[in-house]
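Chemist: Quick one: the structure is below, questions incoming.
What follows draws every value from the coordinates through simple rules; no lab data is involved. As the structure is a prediction and not an experimental result, all values here were calculated from the model. With ideal geometry, Cβ positions are generated from the backbone for all residues, glycine too; neighbour counts draw on all protein chains shown.
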Amino acid sequence: MEATKPINPQPKAAPAQPKKAASKDVTSNVGGIKNAFWVILICLALGLCVYLFVMGADANFKVEGGEKHPINMLGTWYMGGWVVPILLTCFFTVIVLSVERFISLKKAAGKGNTTEFVANVKAALKNRDIAKAEDFCRKQQGTVGAVVFATLQKYKEMEKDNVLEKEQKLAAIQQTLEEATALEMPTLQQNLPVIATLTTLGTLLGLLGTVLGMIKSFQAMSNEGSPDSTKLSAGISEALVNTATGIATAALALISYNYYSNKIDNMTYAIDEVGFSIVSTFSATH
């Protein structure tokens with residue numbers, strides 16, 4: 001009688017692998033253009049194209065006696081000389097960097113209202129609910145959320161520490177707040193120095209173009225011997241377009257710089273306010 005072969009038991013199913021928990025860290029994710037040099041080069045190419053092919057188009061001039069005379073504002077602008085494409089480069093650069101800062105600082109501000117976020121975190125701290133304050137940071141994201149979240153992590157770490165004195169713990173929390181803020185500031189202020197420089201540079205280039213245009217006009221008049229009011233007025237108008245372009249560039253750059261600097265200051269004030277609440281809460285409860 002043949003021996004019965006043992007039935008192989010079915011292999012046990014492998015235990016289900018636990019799902020990896022989603023990252024709970026809060027990052028500002030501001031981004032932005034890291035190197036404004038390439039922006040300036042692209043804007044220079046654009047400025048040259050506009051100067052040569054738009055302002056310098058034949059439709060903007062009439063030819064009399066072998067000379068081109070502008071018949072509209074674009075033609076007059078073209079006659080401003082080689083300073084015009086440089087001014088256009090500055091103008092386009094201000095526009096591009098202003099748009100870039102708008103997008104970047106919108107990300108830095110987070111997904112909700114910063115004032116409401118500060119109020120919610122302060123209320124959670126008042127109730128000693130650190131977990132709820134962390135949840136507000138995860139929902140807010142952005143620079144303020146990231147800095148406050150990093151400070152709350154230090155807060156929890158100091159709660160578990162049994163070695164340091166209370167003053168040392170408070171100093172460690174404050175230092176974490178300051179370090180997290182310092183790491184975020186370069187990203188927030190990125191490209192603003194370029195915009196600030198164009199505030200002055202635009203005006204100076206406009207004045208340079210005007211002075212060169214005036215010199216050119218008076219030289220032409222002196223060579224002809226008898227002054228011609230028509231030619232003189234045309235030369236002055238050609239020179240003054242440089243001043244107008246420079247002032248427009250400087251005004252736009254000034255408005256942009258002050259606007260974004262104010263937004264950065266508001267975020268910094270929000271961080272300081274919440275940071276003070278975190279330190280005060282720890283001081284009062286430990």
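Chemist: When you count, for each residue, the other Cβ atoms within 10 Å and take the mean per peptide, how do 64-75, 42-53 rank with the highest first?
Modeler: Averaged packing, sorted descending, gives the order 42-53, 64-75.
Chemist: Here's something else I'd like to know. For L192, what is the net charge nearby, where nearby means another residue's Cβ is under 11 Å from its Cβ and Lys, Arg count +1, Asp, Glu -1?
Modeler: +1
Chemist: Given the -39500 (n - 2.57) contribution per DSSP H run of 4+ residues, what per-residue ellipticity at 222 nm results for the chain, rounded to the nearest 500 deg cm²/dmol?
Modeler: -25000 deg cm²/dmol
Chemist: Can you give me the C-alpha center-to-center distance between region 261-281 and region 24-43, rounded to a whole angstrom?
Modeler: The distance from the Cα centre of region 261-281 to that of region 24-43 comes to 24 Å.
Chemist: Using Cα Rg over 2.2 N^0.38 Å as the read-out, say which of (i) 1.69; (ii) 0.92; (iii) 0.98 was calculated from these coordinates.
Modeler: (i)
Chemist: Place +1 on the Cβ of every Lys and Arg and -1 on the Cβ of every Asp and Glu in the chain, take the dipole about the Cα centre, and give the residue among G47, N242, Q140 whose Cα lies farthest towards its positive end.
Modeler: Q140
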